[in-house]
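Have a look at the structure below, then the notes.
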Amino acid sequence: MASNERSVETTASPQAAWKIWSDASTWPEWNPDVQSMTLTGPFAAGTTGTMKTKQGTRAVQLTEVVPGKSFRLETTVIPLTRFAFECKVSPGSTGKTTLSQAIVVGGPLGGLVGGMMGKQIADTFPALLQGLARKAETSEGRG
């Protein structure tokens, strides 16, 4: 399994960041890669949905949700692989909030595909995390 993580800090509170991140309908507003995101139920483990990106439409599933702190969204992009996006909100340094997103590529070809694509995919995370940070800051009148 290959894993790559990126993080940004924001002045928004963890609660404001989580409120936006856990509302999948807002993702196209701050994530430049997401064109639409639809979940079939609440933002909870086991809920499935569809995410349309510039690269295509994918079936997704929330496999783990710790309210206010983290979630894991999984999808299959390439046969024999499983892409898991691990997203976290945590208190950062000097009163700031840290937003982190990692990609973990598993499955029979996970090591190979993750080694080839993981860093490239993770390098797109700072832009979307900054978008999330700006939206959260604006929601609190800080942006």
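The values are calculated or read from the model by the stated rules, or taken from the named source; none is laboratory data. Just so you know, these numbers come straight off a predicted model, no measurement behind them. So basically every Cβ, Gly included, is an ideal-geometry build from the backbone, and we count neighbours across all protein chains shown.
Within region 85-107, is even one residue under 28 Å from A12 (Cβ atoms), without any contact (Cβ under 8 Å) to a residue 60 or more places away in the chain and surrounded by 14 or more Cβ atoms within 10 Å (Cβ to Cβ)?
Yes: one or more hits.
Can you spot a residue in region 22-40 that is farther than 17 Å from Q130 by Cα, touching a residue at least 12 places away in the same chain (Cβ under 8 Å) and of a type in the set (A, V, I, L, M, F, W, C)?
yes
What number of residues within region 69-92 satisfy the criterion of being at pLDDT 90 or above and touching a Ser or Thr at 6+ places or on another chain (Cβ under 9 Å)?
Residues flagged as at pLDDT 90 or above and touching a Ser or Thr at 6+ places or on another chain (Cβ under 9 Å) within region 69-92 amount to 16.
Could you list, in sequence order, all residues of region 94-120 that are modelled with pLDDT under 90, within 18 Å of the chain's Cα centre (by Cα) and not small (G, A, S)?
Of everything in region 94-120, just one residue is modelled with pLDDT under 90, within 18 Å of the chain's Cα centre (by Cα) and not small (G, A, S), namely M117.
Do you know which of the residues in region 42-62 that are surrounded by fewer than 15 Cβ atoms within 10 Å (Cβ to Cβ) and among the polar types (S, T, N, Q) is modelled with the lowest pLDDT?
Q55
Just need a number here: residues in region 63-119 that are touching a strand residue (DSSP E or B) at 6+ places or on another chain (Cβ under 8 Å) and among the aliphatic types (A, V, I, L, M).
12
Checking V66 against (1) farther than 19 Å from V34 by Cβ; (2) crowded, with 18+ Cβ neighbours inside 10 Å; (3) among the β-branched types (V, I, T); (4) at pLDDT 95 or above, only one condition comes out false. Which one?
(2)
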